[in-house]
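The values are calculated or read from the model by the stated rules, or taken from the named source; none is laboratory data. Predicted, not measured: the structure shown is a model, and the values here were computed from it. With ideal geometry, Cβ positions are generated from the backbone for all residues, glycine too; neighbour counts draw on all protein chains shown. Remember, those area values only see protein heavy atoms, side chains included, never the ligands or the DNA or RNA. Shrake-Rupley method; radii C 1.70, N 1.55, O 1.52, S 1.80 Å.
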Amino acid sequence: MAKIQFIKGIDEEVVPDVRLTRSRDGSNGTATFYFDNPKALNGNYGEEITGIYLMDEEGELVSREVKGKFVNGQPTALEAIVIMKSQEEWDRFMRFMERYAEENGLGFSKS
């Protein structure tokens, strides 16, 4: 089961918009996740957001690159960036995304 968490132990229910970029030689890449009104921001957990955790049966991918978006002083969105620095990291990330997409009805389109 592939899941995303911002707070350890609490699954994020909002399905993000995900944008991928990759270098021409395939040596590195970036995934940008955008969550509009995620559950992690509703304030009911009393926990601090310490990163984005992508978890599946292979293990866990972690990034600390998480930014909040605020409107009128209220948090409305989260943006998280996952950087892959090798072909192996890219392949591992893509395996996670295939599982996550299948479970959440996401599609993939190349631009």
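Within segment 57-77, restricting attention to residues that are in contact (Cβ under 8 Å) with a residue 40 or more places away in the chain and either hydroxyl-bearing (Ser, Thr, Tyr) or loosely packed, with under 12 Cβ neighbours inside 10 Å (or both), which residue is nearest to residue 19 (Cα to Cα)?
Quick first cut of segment 57-77, residues in contact (Cβ under 8 Å) with a residue 40 or more places away in the chain only: 57, 66, 76-77.
Subset that is either hydroxyl-bearing (Ser, Thr, Tyr) or loosely packed, with under 12 Cβ neighbours inside 10 Å (or both): 57, 76.
On the way: 57: 23, 76: 19 Å.
Looking at residues that are in contact (Cβ under 8 Å) with a residue 40 or more places away in the chain and either hydroxyl-bearing (Ser, Thr, Tyr) or loosely packed, with under 12 Cβ neighbours inside 10 Å (or both), I get 76.
In segment 15-28, of all residues being surrounded by 15 or more Cβ atoms within 10 Å (Cβ to Cβ) and of a type in the set (Val, Ile, Thr), the one that is nearest to the chain's Cα centre (by Cα) corresponds to 18.
Apart from one condition, residue 54 fits all of (1) assigned to a helix (DSSP H, G or I); (2) open to solvent by less than 30 Å² (accessible area, probe 1.4 Å); the exception is (1). Of all the numbered requirements in (1) free of Cβ contacts under 8 Å to residues at least 12 places away in the same chain; (2) open to solvent by less than 90 Å² (accessible area, probe 1.4 Å); (3) among the aromatic types (Phe, Trp, Tyr), residue 100 misses one, and that requirement is (1).
Of these, 80, 2, 31, which one is touching a Leu at 6+ places or on another chain (Cβ under 6 Å) and either open to solvent by less than 30 Å² (accessible area, probe 1.4 Å) or touching a residue at least 12 places away in the same chain (Cβ under 8 Å) (or both)? Please lay out each step first, then the result.
Details: 80 fails: touching a Leu at 6+ places or on another chain (Cβ under 6 Å); 2 fails: touching a Leu at 6+ places or on another chain (Cβ under 6 Å).
From the options 80, 2, 31, the qualifying one is 31.
Just so you know, in segment 68-83 the residues that are more than 12 Å from the chain's Cα centre (by Cα) and in a strand (DSSP E or B) include one that is nearest to residue 15 (Cα to Cα), and it is 77. Checked against the criterion of being part of a loop (DSSP other than H, G, I, E, B) and of a type in the set (Ser, Thr, Tyr), segment 3-21 contains not a single residue that satisfies it.
Here residue 42 clears all of (1) open to solvent by 30 Å² or more (accessible area, probe 1.4 Å); (2) at pLDDT 90 or above; (3) not charged (D, E, K, R) except the condition numbered (2).
Regarding residue 49, is this residue of a type outside the set (Asp, Glu) and at pLDDT 95 or above? Let's see the steps before the verdict.
Working: of a type outside the set (Asp, Glu): yes; at pLDDT 95 or above: no.
When the stated conditions are applied, residue 49 does not pass them.
The set of residues in segment 10-26 being under 10 Å from residue 39 (Cα atoms) and in contact with a strand residue (DSSP E or B) (Cβ under 8 Å, 6 or more places away or on another chain) consists of 11, 12, 14.
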